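To keep things clear, I will list the structure first and then write my remarks on it.
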Amino acid sequence: MKLVLATRNDHKLREFREALDGEVEVLPLPADVELPPETGETFADNAREKARAAARATGMTAIADDSGIEAAALGGRPGVRSARFAGEKATDEQNLQKLLDDVPVDGDRSVAYVCALAYVTPAGDEELFERSCTGRLATEPRGTGGFGYDPAFIPDDYGDGRTMAELTPDEKHAISHRGRAAKAFREWLEARQ
């Protein structure tokens, strides 16, 4: 099966290709396809709109995700604004630094990664897969893998204090919000065959 991934983020394209493990051929979004702005109130709203736009524009079945980090100390922020937390043109490093600055060192360091993965066919059939990964926020970035908030996200799953950026790709895919959503999607596809 071939799907187009509605993103311009090369890191996400690589992660979905790895997470779906060749069972599904994930194609990049053609350069001439314009994605809608992420103005939804939820991750699911944004994922659905991007997948719908890609399916309409390409005539192919599309998947899209919207994902981010929610910090307990900030009432769930940055949430859907994770990619723009430090401003519209902010880099991953600037967004991460703002989160580290805003969450008190002696406060609640609980965080969760959340992913909504939308599947949309050109005929308008839709499915949604939402998954999360809980953890705590490190006080400073560590590791060179991953992207975004990974260098400061310590997942609860392993209990050894490593950040997402210190895990191997296979370790990360097994527990990450995006890996879990991709797994649920893959299992749904297999059950339909």
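If GLY146 satisfies every condition in (1) modelled with pLDDT of 95 or more; (2) crowded, with 16+ Cβ neighbours inside 10 Å; (3) in a loop (DSSP other than H, G, I, E, B) but one, which is the exception?
Against the list (1) modelled with pLDDT of 95 or more; (2) crowded, with 16+ Cβ neighbours inside 10 Å; (3) in a loop (DSSP other than H, G, I, E, B), GLY146 comes up short only on (1).
Could you please find all residues in region 54-76 being within 18 Å of the chain's Cα centre (by Cα) and either in a strand (DSSP E or B) or touching a residue at least 12 places away in the same chain (Cβ under 8 Å) (or both)? Spell out how you get there, then give the answer.
Applying the first criterion (within 18 Å of the chain's Cα centre (by Cα)) to region 54-76 yields 54, 62-71, 76.
Of everything in region 54-76, those that are within 18 Å of the chain's Cα centre (by Cα) and either in a strand (DSSP E or B) or touching a residue at least 12 places away in the same chain (Cβ under 8 Å) (or both) turn out to be ALA54, ALA62, ILE63, ALA64, ASP65, ASP66, SER67, GLY68, ILE69, GLU70, ALA71.
Quick check: is even one residue across region 164-172 at pLDDT below 95, of a type in the set (D, E, K, R), crowded, with 20+ Cβ neighbours inside 10 Å and under 17 Å from the mean Cα position of the chain (by Cα)?
The answer is yes; a qualifying residue exists.
Sort out which residues of region 61-95 are among the aliphatic types (A, V, I, L, M), within 28 Å of VAL26 (Cα to Cα) and surrounded by 20 or more Cβ atoms within 10 Å (Cβ to Cβ), and write them in order of number. Full working, then the answer.
Within region 61-95, the first condition is being among the aliphatic types (A, V, I, L, M), and the residues that meet it are 62-64, 69, 71-74, 80, 83, 86, 90.
Those still in the list that are within 28 Å of VAL26 (Cα to Cα) too: 62-64, 69, 80, 83, 90.
Of everything in region 61-95, those that are among the aliphatic types (A, V, I, L, M), within 28 Å of VAL26 (Cα to Cα) and surrounded by 20 or more Cβ atoms within 10 Å (Cβ to Cβ) turn out to be ALA62, ILE63, ALA64, ILE69, VAL80.
For THR91, all conditions in the list (1) among the hydroxyl-bearing types (Ser, Thr, Tyr); (2) free of Cβ contacts under 8 Å to residues at least 60 places away in the same chain; (3) in contact with a helix residue (DSSP H, G or I) (Cβ under 9 Å, 6 or more places away or on another chain) hold save one; what is the number of the exception?
Failed condition: (3).
Report yes if LEU96 is closer than 17 Å to ALA138 by Cβ, in contact (Cβ under 8 Å) with a residue 12 or more places away in the chain, within 16 Å of the chain's Cα centre (by Cα) and part of a helix (DSSP H, G or I), otherwise no.
On the way: closer than 17 Å to ALA138 by Cβ: yes; in contact (Cβ under 8 Å) with a residue 12 or more places away in the chain: yes; within 16 Å of the chain's Cα centre (by Cα): yes; part of a helix (DSSP H, G or I): yes.
Yes: the conditions hold for LEU96.
Residues to consider are GLU166, GLU171; find the one that is without any contact (Cβ under 8 Å) to a residue 40 or more places away in the chain, of a type in the set (Asp, Glu) and in contact with a Phe, Trp or Tyr (Cβ under 9 Å, 6 or more places away or on another chain).
Working: GLU166 fails: in contact with a Phe, Trp or Tyr (Cβ under 9 Å, 6 or more places away or on another chain).
It is GLU171.
Return the pairs, sorted by first residue and then second, in which the second residue is surrounded by 13 or more Cβ atoms within 10 Å (Cβ to Cβ) and of a type in the set (Ser, Thr, Tyr), the first residue lies in region 138-163 and is over 16 Å from TYR113 (Cα atoms), the beta carbons are less than 7 Å apart, and the residues are 6+ apart or on different chains.
What qualifies is ARG142/THR163; GLY143/THR163.
Given (1) at pLDDT 95 or above; (2) part of a loop (DSSP other than H, G, I, E, B), identify the lone condition not met by LYS89.
It fails just one condition, (1).
Among (1) in a loop (DSSP other than H, G, I, E, B); (2) in contact (Cβ under 8 Å) with a residue 24 or more places away in the chain; (3) of a type in the set (Val, Ile, Thr), where does THR39 come up short?
Failed condition: (2).
Here's a check for you: in region 1-45, which residue that is of a type in the set (Gly, Ala, Ser) and buried (at least 16 other Cβ atoms within 10 Å of the Cβ) is nearest to ARG180 (Cα to Cα)? I'd like the intermediate steps shown before the answer.
Step one: of region 1-45, the residues of a type in the set (Gly, Ala, Ser) are 6, 19, 22, 31, 40, 44.
This time we only want the ones that are buried (at least 16 other Cβ atoms within 10 Å of the Cβ), so: 6, 19, 40, 44.
Working: ALA6: 18, ALA19: 9, GLY40: 22, ALA44: 15 Å.
Filtering region 1-45 for residues that are of a type in the set (Gly, Ala, Ser) and buried (at least 16 other Cβ atoms within 10 Å of the Cβ), the one nearest to ARG180 (Cα to Cα) comes out as ALA19.
So which residues in region 105-123 are in a loop (DSSP other than H, G, I, E, B) and either crowded, with 17+ Cβ neighbours inside 10 Å or touching a residue at least 40 places away in the same chain (Cβ under 8 Å) (or both), if there are any at all? Spell out how you get there, then give the answer.
Taking region 105-123 first, the residues in a loop (DSSP other than H, G, I, E, B) are 105-109, 121-123.
If the condition is that a residue be in a loop (DSSP other than H, G, I, E, B) and either crowded, with 17+ Cβ neighbours inside 10 Å or touching a residue at least 40 places away in the same chain (Cβ under 8 Å) (or both), then ARG109, THR121, PRO122 are the ones that fit.
In this structure, does ASP157 turn out to be closer than 19 Å to ALA83 by Cβ, in contact with a helix residue (DSSP H, G or I) (Cβ under 7 Å, 6 or more places away or on another chain) and of a type outside the set (Phe, Trp, Tyr)? Show your work before the answer.
Values: closer than 19 Å to ALA83 by Cβ: no; in contact with a helix residue (DSSP H, G or I) (Cβ under 7 Å, 6 or more places away or on another chain): yes; of a type outside the set (Phe, Trp, Tyr): yes.
No, not satisfied.
The values are calculated or read from the model by the stated rules, or taken from the named source; none is laboratory data. Note that the structure is predicted; figures quoted are calculated from it, not measured. We place every Cβ from the backbone using ideal geometry, glycine too, and count neighbours over all the protein chains shown.
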